[in-house]
Amino acid sequence: MVADQRPAFTLMVGDLTYANDHGQAQVDNHFNDVMVWSQDAAYMPAWGNHEWDSSGDDLRNYKSRLDLPNPQTSPGTPAISNYGEDWYWFDYGNVRFIAYPEPWSGAWADWYTRAKTLMDQAQSDPTITFIVTMGHRPAYSSGHHPGDSTLRGYMDDLGKNHSKYKLNVNGHSHDYERTYPQSGVIHITAGIGGSSLEEDPSGSCLWAGGCPAPAYSAFRAFHHGIVRLTFGLRAIQIDALCGPAGDGGTNLNDISCTQGGVFDHVTIRSDIAASRGPDGPPAAFSAALAPNPVLGGGTITFAMPRAGRASASIQDLAGRRVRTVVEGKLAAGIHQYAFDGRSDTGARLPAGVYFYSVSAPGGMITRRFAMLR
């Protein structure tokens, strides 16, 4: 199901292989199995308790396989985790992603301080529209593993002070649950991609947090599946896609759906006006193309601190201009222009590597991007 979506990357939110319960062969089995998509899409993990909290597995099994961007080391990281890379962050197009670590002694307090700095930077960057966090433990959950109040306090505070922080994705509880915005942030528990589900039956209710659902819970379900996140310039589309049906044992379902169909959907919209930055014209020139790689089409966003002539174009590897996206005099502010993947003649550009180039008062930016088909 993941491969069918042709993702740019996947967020793997912990408890990756359960090798601590089922033997070390499961580590190789897992990474062999995901090669159906991981040869083309980046594998972006967060660590879960099953990677480190028992003698049956070792975080170095995972850290040594991956080269994570902007890696960070947390205080309290256990001895079997002496490889760094306890959490990390990266920008993809107009989105800043920030992973968070496991709750080792002092790790979350340290993460909160450093994540705040990263969010402050993203909040002031006109090319960043959204901030997304990802980790294993939930801040809000009515499933088998309840939300952690310490993590909740940190995330609520970050949400209150960063309007671009809109989404958190976590695992731990083997269920699907979406919250209403909490301090501006929607929390998605996406523990439905494998292993058994974690029901806690009590009469007709399967949820440890009880029935009906708590006030913060917008939708929840016991059913295998995947969660697809589609990032646009001004919105994030969230679709929970139905996987194989459960059984009468440890995989009870409380919804019915058709495999591949959408059983939950929500749209998260940006609060930032399209024509201006949140506090007037931006202070500095910047530019970005999202998404990258481009599949079908994308959007060029650039910030102009003052009015003047500006141009945005697409060039091939030889430096030849193949598409003029915009050229002319523009006002100060943030500008966005769609790029439909076609040349100036209207022909669809072949897959390959290209450059986008933006020139405006304040500077010129030229960066490489990939076109997929």
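Between the Cα long axis of helix 149-161 and the first principal axis of the chain there is an angle of about 20°, rounded to the nearest 10. The mean sequence separation of alpha-carbon pairs under 8 Å and at least six residues apart, normalised by the residue count of the range 126-280, gives a relative contact order of 19 percent.
Over the range 2-269, calculate the relative contact order: mean separation of alpha carbon pairs under 8 Å at least 6 apart, over the residue count, as a percent.
This gives 12 percent for the range 2-269.
Were the residues from ASP271 through ARG234 laid out at 0.36 nm apart, the gain over their Cα-Cα distance would be 12.5 nm. Per DSSP H run of n ≥ 4, the term is -39500 (n - 2.57); total these for the chain, divide by its residue number, and report the mean residue ellipticity at 222 nm rounded to 500 deg cm²/dmol. One gets -4000 deg cm²/dmol as the mean residue ellipticity at 222 nm.
If only the Cβ of Lys and Arg carry +1 and only the Cβ of Asp and Glu carry -1, the dipole of the range 64-185 around its Cα centre is close to 240 debye. Lys/Arg Cβ at +1, Asp/Glu Cβ at -1, dipole of the chain taken about the Cα centre: which of GLY232, PHE90, TYR62 is farthest positive-ward? Positive-most Cα among the choices belongs to GLY232.
Helix 107-124 sits at what angle to the longest principal axis of the chain, using alpha carbons and giving 0 to 90 degrees rounded to 10? That helix lies at roughly 20 degrees to the long axis.
The charge dipole of the range 168-230, taken about its Cα centre with unit charges on the Cβ of Lys, Arg, Asp and Glu (plus for the first two, minus for the last two), comes to roughly 260 debye. Paramagnetic label reach from ASP247 (point 7 Å along Cα→Cβ; backbone nitrogen cut-off under 14 Å): within the range 188-217, residues 195-197. Farthest toward the positive end of the dipole of the range 286-372, out of GLY352, SER313, GLY297, is the Cα of SER313, where the dipole comes from beta carbon charges about the Cα centre. Recomputing Cα Rg over 2.2 N^0.38 Å from the coordinates shown identifies the correct label among (i) 1.05; (ii) 1.31; (iii) 0.97 as (i). Measuring nothing but how far apart in sequence close Cα pairs (under 8 Å, 6+ apart) lie, relative to its length, the range 303-373 scores a relative contact order of 35 percent. Taking 0.36 nm per residue of separation and subtracting the Cα-Cα distance, full extension of the segment from GLN39 to ASP21 would add 3.8 nm.
Couplings 3J(HN,Hα) for the range 252-265, derived from phi with the Karplus relation 6.51 cos²θ - 1.76 cosθ + 1.60 (θ = phi - 60°), are 5, 10, 10, 9, 10, 7, 9, 3, x, x, 8, 10, 8, 8 Hz, where x marks Gly and Pro. Simple spin-label estimate for ASP316 and GLN336 gives 3.1 nm between the two label positions (7 Å along the Cα-to-Cβ direction from each Cα). Here the chain is assigned +1 on the Cβ of each Lys and Arg and -1 on the Cβ of each Asp and Glu. Its dipole about the Cα centre then comes out at about 2240 debye. If R0 equals 22 Å, the separation of the Cβ atoms of ALA109 and TYR83 corresponds to a calculated FRET efficiency of about 0.50. Take the Cα of ASP53, step 7 Å toward its Cβ, do the same at ALA215, and the gap between the two points is 3.0 nm.
Phi-derived couplings, Karplus 6.51 cos²θ - 1.76 cosθ + 1.60 at θ = phi - 60°, listed residue by residue for the range 218-226: 8, 7, 8, 7, 9, 6, 5, x, 9 Hz, with x used for Gly and Pro.
Note that the range 286-372 shows a convex hull volume over its alpha carbon atoms of 78 Å³ per residue.
Please work out the FRET efficiency for the pair ARG368 and ARG309, using the Cβ-Cβ distance as r and a Förster radius of 22 Å; give the result to the nearest 0.05. Given R0 = 22 Å and the Cβ-Cβ separation, E is 0.35. Legend: residue pairs LYS116/LYS164; LYS116/LYS160; LYS166/LYS329, Cα-Cα distance threshold 22 Å; pairs beyond threshold, LYS166/LYS329. Rounded to whole numbers, the Karplus 3J(HN,Hα) couplings from phi for the range 306-311 are 8, 5, x, 6, 9, 8 Hz, using 6.51 cos²θ - 1.76 cosθ + 1.60 with θ = phi - 60°, and x at Gly and Pro.
Where a number appears in this text, it was derived from the coordinates with a stated rule and is not lab data. The structure displayed is predicted, hence computed values, not measured ones. Positions of Cβ are generated from backbone atoms using ideal geometry, with glycine treated the same way; all protein chains shown enter the neighbour counts.
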